[in-house]
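A short worksheet on the structure shown next.
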Amino acid sequence: MSWNKRYEREEYLFGTAPADYLVRYAPVLPSRARVLCVADGEGRNSVYLASLGHEVTAFDPAPAAVEKARKLAARKGVHVAFNIAGIEDWDWTAQFDAVVGIFIQFVGPKWRARLFTQLAGAVKPGGLLLLHGYAPRQVEYGTGGPGDARNMYDDALLRAAFEGWQIDTLRDYDAMVDEGEGHYGKSALVDFVARKP
Ligand SMILES: C[S@@+](CC[C@H](N)C(=O)[O-])C[C@H]1O[C@@H](n2cnc3c(N)ncnc32)[C@H](O)[C@@H]1O
């Protein structure tokens with residue numbers, strides 16, 4: 001089923017609360033940061049960042065998700081610059097104080113290399129990249145994410161992709177996730193926070 005079809009329902013597939021990861025690491029952002037949320041889905045993460053006072057831009061290619069994201073922002077009384085776009089058609093020339101990618105493992109190794117270059121380019125020198133996703137053993141847990149271990153992150157992959165960056169956090173751990181029906185149960189997670197030189 002396409003992402004848009006999955007989002008065509010009233011309930012929020014991943015809930016309306018931000019990812020635990022983001023709540024944990026949002027304090028590293030400078031105040032009133034300009035933040036880009038990549039593949040933001042139904043807006044739970046962008047809306048949370050806006051509620052903290054950040055200037056947030058977000059994009060996702062699923063119109064049904066962006067529509068729900070707009071509703072969530074209105075309900076919370078915050079502004080997010082939402083866009084309907086995929087990584088293929090996003091204008092990557094603008095730079096941000098921070099780029100946030102949460103569960104964006106819809107690409108395999110070849111496209112991921114290109115996506116990581118795009119993410120890196122969108123971070124200002126001295127800015128932050130916040131990346132959160134699944135580790136390869138998540139495929140055995142089957143509690144969310146793509147069914148292909150090659151799409152997942154591990155320590156070596158992230159260190160190589162962001163060589164020269166200052167890595168503030170790189171954690172691989174198991175935790176119980178309860179983020180809507182899309183992500184529920186014991187999960188193999190990776191937290192990454194790095195600063196661009
Ligand atoms: C697992 S969901 C995560 C959504 C959101 N980041 C969150 O944590 O709630 C993955 C998202 O990737 C989006 N997506 C799929 N293909 C994409 C593409 N080519 N470019 C950008 N986003 C894409 C989907 O529409 C979906 O919203």
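The values are calculated or read from the model by the stated rules, or taken from the named source; none is laboratory data. These numbers come from a predicted model, not from an experiment. We place every Cβ from the backbone using ideal geometry, glycine too, and count neighbours over all the protein chains shown. SASA here: full protein model, heavy atoms, side chains in, ligands and nucleic acids out. Shrake-Rupley method; radii C 1.70, N 1.55, O 1.52, S 1.80 Å.
Please list Ile104, Ile84, Ile167 in order of solvent-accessible area, largest first, computed with a 1.4 Å probe with all protein chains present. If you can, show how the numbers build up before the last one.
Working: Ile104 0, Ile84 95, Ile167 50 Å².
If we order Ile104, Ile84, Ile167 from most to least accessible, we get Ile84, Ile167, Ile104.
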* For Lys68, list the lysines whose Cα falls under 16 Å from its own Cα; do not include residues on the same chain fewer than 8 positions away. => Lys5, Lys76
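Just need the relative contact order of the stretch 54-168 here, percent rounded to a whole number, with Cα pairs under 8 Å and 6+ apart.
Details: 130 pairs, mean separation 24.6, N = 115.
Computed value for the stretch 54-168: 21 percent relative contact order.
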* Asked: How compact and how long is the stretch 140-197, expressed as Rg and Dmax of its alpha-carbon atoms in Å?
  -> 13.1, 38
* Structure fact -> The alpha-carbon center of the stretch 126-150 and that of the stretch 152-197 are separated, in whole Å, by 7
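Under a Cβ-only charge scheme (Lys and Arg +1, Asp and Glu -1), can you give me the dipole magnitude of the stretch 66-197 about the Cα centre, in debye to the nearest 20?
Details: 16 positive and 17 negative charges, 68 e Å.
Computed charge dipole of the stretch 66-197: roughly 320 debye.
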* Asked: For the stretch 112-121, in order, what is each residue's ³J(HN,Hα) by Karplus, 6.51 cos²θ - 1.76 cosθ + 1.60 with θ = phi - 60°, in whole Hz (x at glycine and Pro)?
  -> 5, 4, 5, 4, 4, 5, 5, 4, 4, x
* To do: Let me have the relative contact order for the chain, percent, based on Cα pairs under 8 Å that are six or more residues apart.
  => 19
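Let me make sure I get this right: for the stretch 99-191, a, b and c are the square roots of the gyration tensor eigenvalues over alpha carbons, sorted descending. Under 1.5 in a/c it's rounded, otherwise prolate if a/b > b/c, else oblate. Which is it? The partial results should precede the final answer.
Working: a/c = 1.90, a/b = 1.67, b/c = 1.13.
Prolate is the answer for the stretch 99-191, as a/c is 1.5 or above and a/b outweighs b/c.
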* Structure fact -> The ³J(HN,Hα) series, computed from each phi in the stretch 70-85 with the Karplus coefficients 6.51, -1.76 and 1.60 at θ = phi - 60°, rounded to the nearest Hz and given as x for glycine or proline, is 4, 5, 5, 4, 5, 4, 8, x, 10, 10, 10, 7, 8, 9, 8, 6
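What does the helix-only formula give at 222 nm for the chain: each DSSP H stretch with n ≥ 4 adding -39500 (n - 2.57), the total divided by the residues, and the result rounded to the nearest 500 deg cm²/dmol?
Values: 7 runs with 57 residues, N = 197.
Value at 222 nm, helices only, nearest 500: -8000 deg cm²/dmol.
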* Asked: Sequence-distant or interchain residues sharing an amide H contact under 5 Å with Val123, placed H: which?
  -> Phe96
* Asked: Of Thr117, Val107, Phe192, whose Cα points farthest to the positive end of the dipole of the stretch 95-197 (charges on the beta-carbon: +1 Lys, Arg; -1 Asp, Glu; origin at the Cα centre)?
  -> Thr117
* Structure fact -> Counting Lys and Arg as +1 and Asp and Glu as -1 over every other residue whose Cβ sits under 9 Å from the Cβ of Leu129, the net charge comes to +2
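Tell me whether the stretch 1-131 comes out rounded, prolate or oblate; compute the Cα gyration tensor, take square roots of the eigenvalues as a ≥ b ≥ c, and use a/c under 1.5 as the rounded threshold. Working shown, then result.
Values: a/c = 1.68, a/b = 1.10, b/c = 1.53.
It is oblate, given that a/c is not under 1.5 and a/b is not larger than b/c.
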* **Vicinal HN-Hα couplings computed from phi for the stretch 38-46 (Karplus, 6.51 cos²θ - 1.76 cosθ + 1.60; Hz; Gly/Pro x)** => 8, 6, 7, x, 8, x, 4, 7, 5
* Check: the stretch 137-197 dipole with +1 on Lys, Arg Cβ and -1 on Asp, Glu Cβ, in debye -> 240
* Structure fact -> The rounded separation in angstrom of the Cα centers of the stretch 1-16 and the stretch 72-108 is 17
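So if each residue of separation counts as 0.36 nm, and I subtract the Cα-Cα distance between Ala149 and Glu8, what length gain in nm does that give? Don't skip to the end; give the middle numbers.
On the way: separation 141, 0.36 × 141 = 50.76 nm, distance 2.74 nm.
The Ala149-Glu8 span can extend by a further 48.0 nm.
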* Toward the positive end of the charge dipole of the stretch 53-183, about the Cα centre and with charges on Cβ (Lys, Arg +1; Asp, Glu -1), which of Ala69, Gly144, Ala156 goes farthest? -> Ala69
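Within the stretch 89-197, which GluC sites (Glu not before Pro) sit in a loop by DSSP and count at most 14 neighbouring Cβ atoms inside 10 Å?
Passing sites in the stretch 89-197 are Glu163, Glu181.
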